[in-house]
Amino acid sequence: MKPRFIIFLLLALFTVSAKAQQNVIRGQVTDASDAKLPSVLVKNTTNNQVTLTNDDGNFEIRGLIGHTLIISSPGYVSDTLYVADMKFKNVKMTPLGITLGAVNVRGKQGFDPRTEYPQVYQKSKVYVLSPTSWFSKEAKDARRLKKYFQKEVEERTVDSVFTKIYVGSLVPLKGTELDNFMSLYRPSYEFVKSNNGASMAAYINDSYKKYLALPAEKRAVPKLTTDEPVKQPAAKP
């Protein structure tokens, strides 16, 4: 191979690599107390790319100037970021000023990540003869997203059954009391999938008896503050 051709090939590869770097938006997500937030979903609504922040709250996602990012995480107000430049983005999320019961409210219940993000599931596959499918950052990120989407599907399934209208029709609670009750006795995904409507009604009624037996101070779910991380209810059937 001629030296001139080798130099040309190296320059071409360098140019492609540099261009790819320019198409990546980088940033960090923190809360109001500057605590770094891991596992925050970052979605580019323009090109349908999606990623999660790492343990240090950092993210990288493909995008360009003019694209729009949606940053969301349970317990925090979703943030919309218009990409005006390719500088490092510092995103500060605001906790929801409500009890944990309302944090379970999500968007559309018919969430199908396999249809909405087929590229994630394709990249998450592991091939025996392909080392990159095991160890590359892209493959590892895809597997993290796959787990995140599975958890989201499970939570939305519970949301679709354990609704305020349904629970409120079975127990004489309203407003904050109903929110607290639903947070304390939110059923698990496994319970919802393996039980019918009659079993769910029996579970809610039994949970209400347990709720009444609690001291008054134990019936309230702590308010979310900027100094505390979001804690999931421990009570599961």
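Straightening the chain between ASP55 and LYS193 buys 46.5 nm, computed as 0.36 nm per residue apart minus the Cα-Cα spacing.
If you sort the three axes of the alpha carbon gyration tensor as a ≥ b ≥ c, you get a/c of 1.5 or more for the stretch 45-204 and a/b no higher than b/c, which makes it oblate.
Evaluating 6.51 cos²θ - 1.76 cosθ + 1.60 at θ = phi - 60° for every residue in the stretch 59-67, the Karplus couplings come out as 9, 9, 8, 5, x, 9, 4, x, 7 Hz, glycine and proline recorded as x.
Of the trypsin sites (Lys or Arg not before Pro) found in the stretch 154-210, those that fall in a DSSP loop while having at most 16 other beta-carbon atoms within 10 Å are LYS174.
Would you mind working out the accessible area per residue for the stretch 125-206, using a 1.4 Å probe, and quoting it in Å²? Walk me through the intermediate numbers first.
Working: 4680 Å² over 82 residues.
Roughly 57 Å² per residue, with all protein chains present.
The spacing between the stretch 119-164 and the stretch 53-89, judged by their C-alpha centroids, is 19 Å. Shown in residue order for the stretch 36-46 are the 3J(HN,Hα) couplings computed by the Karplus curve 6.51 cos²θ - 1.76 cosθ + 1.60 at θ = phi - 60°: 6, 9, x, 6, 8, 7, 10, 10, 8, 6, 7 Hz (x for Gly and Pro).
Given R₀ = 45 Å, FRET efficiency for MET86-THR157 by Cβ-Cβ distance, to 0.05?
On the way: r = 39 Å, r/R0 = 0.86.
After rounding, the FRET efficiency stands at 0.70.
Residue-wise HN-Hα couplings along the stretch 136-147, as the Karplus relation 6.51 cos²θ - 1.76 cosθ + 1.60 with θ = phi - 60° gives them from phi, are 5, 4, 4, 5, 5, 5, 5, 5, 4, 5, 4, 5 Hz; Gly and Pro carry x.
Taking all protein chains together, ILE25, ILE70, ILE165 sort by accessible area into ILE165, ILE70, ILE25, largest first [probe 1.4 Å]. Each Lys or Arg adds one and each Asp or Glu takes one away; over the other residues whose Cβ falls under 15 Å from the Cβ of VAL171, this sums to +3.
The values are calculated or read from the model by the stated rules, or taken from the named source; none is laboratory data. What you see is a predicted model; the values in this text were computed from it and never measured. Cβ atoms come from the backbone with ideal geometry, glycine included; neighbour counts cover every protein chain shown. Only protein heavy atoms, including side chains, enter the accessible area calculation; ligands, DNA and RNA are left aside. Shrake-Rupley method; radii C 1.70, N 1.55, O 1.52, S 1.80 Å.
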